[in-house]
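Notes follow once the structure below has been shown.
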Amino acid sequence: MAKPKLKKHHINRDWCKGCGICVELCPKKVLELDDQDKVSALRLQDCICCRLCEFRCPDFAIEIETKE
Amino acid sequence: MAIKDYLRERFFPHLWCPGCGHGMVLNGLLRAIDKLGMSKNEIVMVSGIGCSSRITGYVDFHTLHTIHGRALAFATGVKMARPELNLIVPMGDGDALAIGGNHFIHAARRNIDITAIVMNNRIYGMTGGQFSPLSGENIRATTAPYLTIDPSFDVVELAKAAGATFVARTTTYHIQQVSDIIGKAILHEGFSVVEVLSQCPTYFGRKNKEGDAVDMVQHFKKNTTSIGSKAKQENPDLIERGIFVQTELPEYCSEYEKMVQRAMKGQ
Ligand SMILES: Cc1ncc(C[n+]2csc(CCOP(=O)(O)OP(=O)(O)O)c2C)c(N)n1
Ligand code: SF4
Ligand code: SF4
Ligand code: SF4
């Protein structure tokens with residue numbers, strides 16, 4: 001199976017509560033909180049599509065879309 | 001099916017505090033159900049009262065939001081009436097083992113096919129941070145300004161002793177293990193207990209200077225280890241994660257059905 005390639009981080013700003021869990025536990029430090037304490041995906045080229053951010057988010061606010 | 005299809009999105013954003021572990025348990029649980037390919041109609045989720053118990057409001061299954069400590073009693077009734085349905089009962093530590101302790105041990109003793117999930121944040125979140133039977137010693141709580149003196153139950157040992165036939169523990173840090181274990185617990189025929197160490201940053205974290213939600217989740221990584229690991233031998237204080245018990249014993253509803261058959265024959 002080919003490695004999944006990142007298409008997009010889908011972020012739901014209305015649901016994100018800025019807890020920082022996805023940001024701090026991302027193994028590649030792809031994510032950051034912006035000045036409104038909402039998550040944003042910055043270093044897209046580093047994302048390995050492990051989906052840990054999506055799996056750990058307590059608020060269902062971040063999803064990874066991949067292309068094969 | 002996308003896991004969002006299992007959510008009642010109209011109630012989002014949910015009411016749990018930023019970084020509350022209960023949302024992570026919900027996330028892991030829904031991925032387990034999705035992986036099993038279960039339809040919404042096969043599942044009944046029953047809860048009591050507490051922050052954790054609010055979980056039934058957010059899932060699009062058959063749901064019952066009942067009374068504090070009694071979710072297992074309601075679930076027992078549903079299961080006996082409709083044994084073909086899958087019963088999932090998420091509970092807080094107070095809900096499951098303070099006021100609900102008696103229901104917990106008797107459901108385990110009967111080995112009724114229910115999946116009990118103890119979302120253990122070691123505190124009463126909903127009512128403002130009182131200590132619970134799972135807080136353990138030397139914990140600061142609203143009701144313990146000079147630290148607790150009560151030892152904690154060990155959920156795993158208690159469930160084992162009471163007769164549960166599937167007993168496991170994990171934490172919100174180990175999110176894939178949460179899904180994996182809950183999936184196995186749902187498939188298990190008999191009473192399953194899954195303890196998930198969950199963080200309450202608002203009360204437990206703040207009162208006990210455990211830092212924010214991220215720090216608390218990272219504590220779970222630091223303070224736990226796989227069952228029987230070398231790390232455990234070197235540091236007995238580590239809490240073990242994994243499946244402790246998985247055995248087949250007669251299940252309550254099946255035994256009940258046999259009794260009904262005997263009664264029909266008049267024997
Ligand atoms: C019969 C009864 N007694 C007490 C209460 C008050 N009460 C509501 S929730 C709760 C405890 C909540 O703690 P826990 O079950 O650990 O769940 P959490 O909120 O931490 O998720 C208590 C004591 C109640 N609702 N009903
Ligand atoms: S884990 Fe979820 S709620 Fe927390 S900052 Fe990330 S996207 Fe937002
Ligand atoms: S998928 Fe993995 S690497 Fe990519 S942002 Fe999420 S946690 Fe980081
Ligand atoms: S009080 Fe604690 S348990 Fe309740 S929602 Fe807030 S963080 Fe979660």
Inter-chain shielding of B:18-25 (mean C-beta neighbours from other protein chains, 10 Å cut-off):
5
Helix B:252-265 versus the longest principal axis of chain B: what angle, 0 to 90°, nearest 10, using Cα atoms?
20 degrees
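How big is Rg to Rh over the protein assembly as shown, alpha-carbon atoms, Rh as the Kirkwood inverse-mean-distance radius?
When Rh is taken as the Kirkwood radius, the ratio is 0.98.
Please average, across the residues of A:11-21, the number of beta carbons from any other chain that are within 10 Å of each residue's own beta carbon, and give a whole number.
If you average over the peptide's residues, the count of other-chain Cβ atoms is 5.
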Got a number for carbon plus sulfur as a percent of chain A's accessible area, 1.4 Å probe?
50 percent
Top positive-direction residue, dipole computed over the protein assembly as shown with Cβ charges, set B:THR142, B:PRO250, B:CYS51:
B:PRO250
Projected area of chain A, taken from the Cα convex hull and averaged over every viewing direction, in nm²?
4.2 nm²
Helix B:101-110 sits off the longest principal axis of the Cα atoms of chain B, rounded to the nearest 10 on a 0 to 90 degree scale, by 40 degrees
Please give me, ordered by residue number, the GluC sites (Glu not before Pro) of region B:35-144 that lie in loop per DSSP and have at most 13 other Cβ atoms within 10 Å.
B:GLU84, B:GLU137
Filtering chymotrypsin sites (Phe, Trp or Tyr not before Pro) in region B:86-154 by DSSP loop and by at most 10 other Cβ atoms within 10 Å leaves B:TYR146
On protein heavy atoms with a 1.4 Å probe, the accessible surface that disappears when A meets B, both sides summed and given to 100 Å², is 1900 Å²
√(5λ) per eigenvalue of the Cα gyration tensor, region B:11-264, largest first, Å:
29, 20, 18
Can you list the residues, at least 5 places off or on another chain, whose amide H is less than 5 Å from the amide H of B:THR225, using H built in the peptide plane?
B:ILE239, B:GLU240, B:ARG241
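Given a 1.4 angstrom probe, what's the average accessible area per residue across chain A, in square angstrom?
Here the per-residue accessible area is 57 Å².
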Where does the charge balance sit around B:VAL196 when Lys and Arg score +1, Asp and Glu -1, over other residues with C-beta under 11 Å from its C-beta?
0
When Lys and Arg each count +1 and Asp and Glu each count -1, what net charge do the other residues less than 14 Å away from B:ASP154, Cβ to Cβ, add up to?
-3
Listed pairs A:LYS5/B:LYS221; B:LYS4/B:LYS160; B:LYS184/B:LYS222 exceeding 31 Å between Cα atoms:
B:LYS4/B:LYS160
Amide H proximity to B:GLY19 below 5 Å, modelled H, separation 5+ or other chain, gives A:CYS19
Which of the residues in region A:33-63 lose at least 20 Å² of accessible area when you go from the chain alone to all protein chains together (probe 1.4 Å)?
A:LEU52, A:GLU54, A:PHE55, A:ARG56, A:PRO58, A:ASP59, A:PHE60, A:GLU63
What relative contact order, as a whole-number percentage, does chain B give when Cα pairs under 8 Å and 6 or more residues apart are counted?
18 percent
Degrees, to the nearest 10: B:213-222 long Cα axis against longest axis of chain B:
80 degrees
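Where nothing but the Cβ of Lys and Arg (+1) and of Asp and Glu (-1) is charged, how large is the charge dipole of region B:11-264 around its Cα centre, in debye to the nearest 20? Show your work: numbers first, answer last.
Details: 24 positive and 24 negative charges, 46 e Å.
Taking the Cα centre of region B:11-264 as origin, the dipole is about 220 debye.
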Work out from phi, with θ = phi - 60° and the Karplus expression 6.51 cos²θ - 1.76 cosθ + 1.60, the ³J(HN,Hα) of each residue of region B:188-205, listed in order in whole Hz, and give x for Gly and Pro.
5, 8, x, 7, 10, 10, 10, 8, 10, 5, 10, 9, 10, x, 5, 10, 4, x
Give me Rg/Rg_expected for region B:177-262, where Rg uses Cα atoms only and Rg_expected = 2.2 N^0.38 Å with N residues.
1.55
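The values are calculated or read from the model by the stated rules, or taken from the named source; none is laboratory data. None of the values given here were measured: they were computed from a predicted structure. Reconstructed Cβ throughout: ideal geometry from the backbone, glycine too, with neighbour counts over all protein chains shown. When the accessible area is computed, the model is the full protein with side chains, heavy atoms only, and any ligands, DNA or RNA have been set aside. Shrake-Rupley method; radii C 1.70, N 1.55, O 1.52, S 1.80 Å.
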